[in-house]
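A.B. asks: Dropping the structure in here first, questions after.
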Amino acid sequence: MVNRSATGKSGIRLAERLLSRAQAGPGKDILDIGCGRGVITRWVAREYAGRVIGVDTDCQELEIARLPDCEGNPRFIEADARHLPFEDRSMDVVLSFGVLHHIADWHNAVAEIGRVLRVGGRLVTAELVYPEWITGIDEKSSYKFGIYSLDTSKLTRLLQDDGFITLHQHIKKRVLWQDWEGIFEKKYEKAWSRY
Ligand SMILES: C[S@@+](CC[C@H](N)C(=O)[O-])C[C@H]1O[C@@H](n2cnc3c(N)ncnc32)[C@H](O)[C@@H]1O
């Protein structure tokens, strides 16, 4: 369940709100990592009319994402967010909705985001932050959801090290987890590289 795409309208509403806040205009190169069934990707392709690509490691989800006749012709590629098959500085916007907390070594995905974004490009993200006692239970359970604790302060620091500034960040407490969202702009290319 937690590994499936956000259901329709709530995911789109979230993307719409954050993308309008990020002032992402039309005609951009937009990458949606962990796109799942492509609900958000297809909406973005329709609304933003640029080059829109969704990547995910789950080929069954991608099959569903590749619905025919989608306006804006988004492309869907099987790829891992930690090893993106794109050139350095080839994207204007990276979307990451509900994916980083499914990646144990999420810092590698963050490094890839920094690599593929152009200077002036933006990371638009919304993630779930689970406390360690929940991710610990998941780790030991036989029904593993594959959720990991996302340290958003560390994530923000990593982005800063990669030349990003924070444009927006908000965290909302839920009963068992926190909803975290952020918009980050890549201000400069690092002189040295850890890639
Ligand atoms: C909760 S779903 C979110 C889907 C979509 N972003 C949305 O909000 O509707 C998480 C997705 O991340 C994908 N995922 C998990 N680890 C990944 C990785 N290392 N690289 C790319 N996708 C990954 C899963 O296959 C799943 O489709």
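The values are calculated or read from the model by the stated rules, or taken from the named source; none is laboratory data. Because the structure is predicted, anything quoted here is derived from the model rather than measured. Don't worry about glycine lacking a Cβ; one is built from the backbone with ideal geometry, like all the others, and counts go over all protein chains shown.
A.B. asks: May I ask you to say which residue of 115, 174 is free of Cβ contacts under 8 Å to residues at least 60 places away in the same chain, among the basic types (Lys, Arg) and within 16 Å of the ligand (Cβ to nearest atom)?
C.D. replies: Sole residue among the options that is free of Cβ contacts under 8 Å to residues at least 60 places away in the same chain, among the basic types (Lys, Arg) and within 16 Å of the ligand (Cβ to nearest atom): 174.
A.B. asks: Continuing with the same structure: How about segment 1-31: which of its residues are part of a strand (DSSP E or B) and either modelled with pLDDT under 90 or near the ligand (Cβ under 9 Å from one of its atoms) (or both)?
C.D. replies: Hits for segment 1-31: nothing passes.
A.B. asks: Return the pair list, or none, for Cβ contacts closer than 7 Å from residues in segment 43-57 that are over 17 Å from residue 84 (Cβ atoms) to residues that are near the ligand (Cβ under 10 Å from one of its atoms) and among the acidic types (Asp, Glu), at least 6 apart or on different chains.
C.D. replies: What qualifies is 44/32.
A.B. asks: Can you say whether residue 41 is surrounded by 24 or more Cβ atoms within 10 Å (Cβ to Cβ) and of a type in the set (S, T, N, Q), as far as the supplied structure shows?
C.D. replies: Yes, satisfied.
A.B. asks: Any chance segment 32-40 includes a residue that's within 12 Å of the ligand (Cβ to nearest atom), free of Cβ contacts under 8 Å to residues at least 40 places away in the same chain and more than 24 Å from residue 128 (Cα to Cα)?
C.D. replies: no
A.B. asks: Criterion first (within 9 Å of the ligand (Cβ to nearest atom), hydrophobic (A, V, I, L, M, F, W, C) and in a helix (DSSP H, G or I)) does residue 64 satisfy it?
C.D. replies: Judged against the criteria, residue 64 is not a match.
A.B. asks: I would also like to ask the following. Tell me whether segment 125-132 contains one or more residues that are outside any helix (DSSP H, G or I), away from the ligand (no atom under 16 Å from the Cβ) and either touching a residue at least 40 places away in the same chain (Cβ under 8 Å) or not small (Gly, Ala, Ser) (or both).
C.D. replies: yes
A.B. asks: If you scan segment 92-123, which residues turn out to be in a loop (DSSP other than H, G, I, E, B) and of a type in the set (A, V, I, L, M)?
C.D. replies: Of everything in segment 92-123, those that are in a loop (DSSP other than H, G, I, E, B) and of a type in the set (A, V, I, L, M) turn out to be 99, 103, 104.
A.B. asks: May I ask you to list the residues in segment 93-111 that are more than 9 Å from the ligand (Cβ to nearest atom) and either surrounded by 21 or more Cβ atoms within 10 Å (Cβ to Cβ) or of a type in the set (Ser, Thr, Tyr) (or both)?
C.D. replies: Residues satisfying the conditions are 93, 94, 110.
Every residue, every condition in (1) hydrophobic (A, V, I, L, M, F, W, C); (2) at pLDDT 85 or above; (3) within 20 Å of the chain's Cα centre (by Cα), yes or no:
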| site | (1), (2), (3) |
| --- | --- |
| 125 | no, yes, yes |
| 139 | no, no, no |
| 165 | yes, yes, yes |
| 168 | no, yes, yes |
| 182 | no, yes, yes |
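A.B. asks: Would segment 75-91 turn up any residue that is more than 12 Å from the ligand (Cβ to nearest atom), in a loop (DSSP other than H, G, I, E, B) and modelled with pLDDT under 95?
C.D. replies: Scanning segment 75-91 turns up no residue that is more than 12 Å from the ligand (Cβ to nearest atom), in a loop (DSSP other than H, G, I, E, B) and modelled with pLDDT under 95.
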